[in-house]
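Asks: One structure, pasted below without further comment.
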Amino acid sequence: MINWQRGLAVPVLFTEKAGIQARTPRNSLLQDKYMLDLPFFLARTQGELANSLTLLGITAIETLTGLEVSTGVKKKRLLVRMFDWFIYHSIRLWRRDRDPNWLVAISQCHRVLAVLTGRSPMGCGLTVGGAGAPLTTEQWRFIRISLDWLGDYLARKKTESFLPLPQEEKLQELSQVWLAAQDLEGMAGGKVVADGQKQELDWSRIKIQPAGLYYDDRVCLIGPLARQKIQGYHHRGYLAAMLTELKVMLPKADKLLTELGQGKGEMGSRWPERCEGELQLFLETPAGPAGLQLRLERNKVAAARLFTPDLWLNSLWLEGQRQGILTETDIYALARDWGIPVSLTTGRRL
């Protein structure tokens, strides 16, 4: 068996002990880091969600210090998040219908993120410079052209092209699954949804198991399916839900860009010089929620535990497998279509 810590391979057979070891590097990577380096190291734990985890770290620091950034910076951050979602969803949708225009869309979004953050797009300087600086006229026009192109392209894509997989239809039989959700615009704060009603998330009721996260002994599900469930479109399937989200986000992104172009909301912000305290924080990402338990002492990370989206979604698959609804083959089919890691679920890579 190759050492988990090296991240080179996954054991052939999944065990609870191996599952726990597999998550250790994500947390040890953050230990004893200077607090202002936290966003950078969070981003490096899962590259595809780098921008989302960067914002998770920045939001954590600002929450602990009580720092309130300017309105313009908040709007620019939301625009960063939306283009980040465009990239993640576009990759999954391209894998289904192989339309090369999805690759053009991804390229457009990467270039926009480089403009918005001041660096291409793995950067974490979203508070100073980057998203903390006003857009120039040329930058605004470039983003406008990209948004117009995306709007024209999405208008031609039909939701019916992304029908649910048989495995997705099987998952709908898990009626006892508890849905955790959060508004796309929300920058922090956990929510759960029961019978269509949002409630504050109570961390004391969460149990952390090798199979995933459980809330009141119910498997937590999050991502486009959960968000579509709340809006009454759960029957469409995961990829159709992604396409719907992109179409819903587009006018919101357009409005944000218009307001930034009109100079609505002052820019500028600052980093705190000193920070101590602890918090528990959720941030919604395109793949699901990222959770962070953090304690800062003397401007350094004294303790941190990161919960990435794959940990939530895998728990749903394991529950389906336990009840005999899904087979291992079903799980691999879902993982290929959704782009969700399964190494911690079945013990093998795709």
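The values are calculated or read from the model by the stated rules, or taken from the named source; none is laboratory data. On a predicted model such as this, the values are computed, not experimentally measured, just so you know. A quick note on method: Cβ atoms are made from the backbone with ideal geometry, for glycine too, and the neighbour counts reach across all protein chains shown. Keep in mind that these areas ignore ligands, DNA and RNA; they rest on the heavy atoms of the full protein, side chains included. Shrake-Rupley method; radii C 1.70, N 1.55, O 1.52, S 1.80 Å.
Asks: I need the peptides 133-140, 329-336 ranked by packing, meaning the mean over residues of other C-beta atoms within 10 angstrom, with the highest value on top.
Replies: Details: 133-140: 14.1, 329-336: 17.5.
The peptides rank, most packed first, as 329-336, 133-140.
Asks: Send over the semi-axes of the range 30-81's equivalent ellipsoid, whole angstrom and largest first, taken as the square roots of 5 times the C-alpha gyration tensor eigenvalues.
Replies: Whole-Å semi-axes of the equivalent ellipsoid: 19, 16, 6.
Asks: Let me know the shape class of the range 48-107, please: from the alpha-carbon gyration tensor, a ≥ b ≥ c as square roots of the eigenvalues, rounded when a/c is under 1.5, otherwise prolate if a/b is greater than b/c, or oblate.
Replies: Details: a/c = 5.24, a/b = 2.60, b/c = 2.02.
Note, shape of the range 48-107 comes out prolate.
Asks: For the range 51-123, with every protein chain kept in place, what is the accessible area per residue (1.4 Å probe, Å²)? Walk me through the intermediate numbers first.
Replies: Working: 2310 Å² over 73 residues.
Value returned for the range 51-123: 32 Å² of accessible area per residue.
Asks: Near L243, within a Cβ-to-Cβ distance under 11 Å, what is the net charge of the other residues, with Lys and Arg +1 and Asp and Glu -1? Kindly include the intermediate steps, with their values, before the conclusion.
Replies: Working: positive: R92, R96, K157, K158, R236, K247; negative: D97, E160, E245.
Charge balance in the 11 Å sphere: +3.
Asks: Mind scanning K74/K255; K76/K264; K74/K264; K158/K247; K76/K158; K157/K247 and naming the pairs with a C-alpha gap bigger than 21 Å? Each step should come with its number before you reach the end.
Replies: On the way: K74/K255 14 Å; K76/K264 11 Å; K74/K264 11 Å; K158/K247 11 Å; K76/K158 29 Å; K157/K247 10 Å.
Beyond 21 Å: K76/K158.
Asks: Quick check on packing: order 245-254, 158-167, 53-62 by the mean number of other C-beta atoms within 10 Å, highest mean leading.
Replies: Values: 245-254: 17.1, 158-167: 15.4, 53-62: 25.1.
Ranked by mean Cβ neighbours within 10 Å, highest first: 53-62, 245-254, 158-167.
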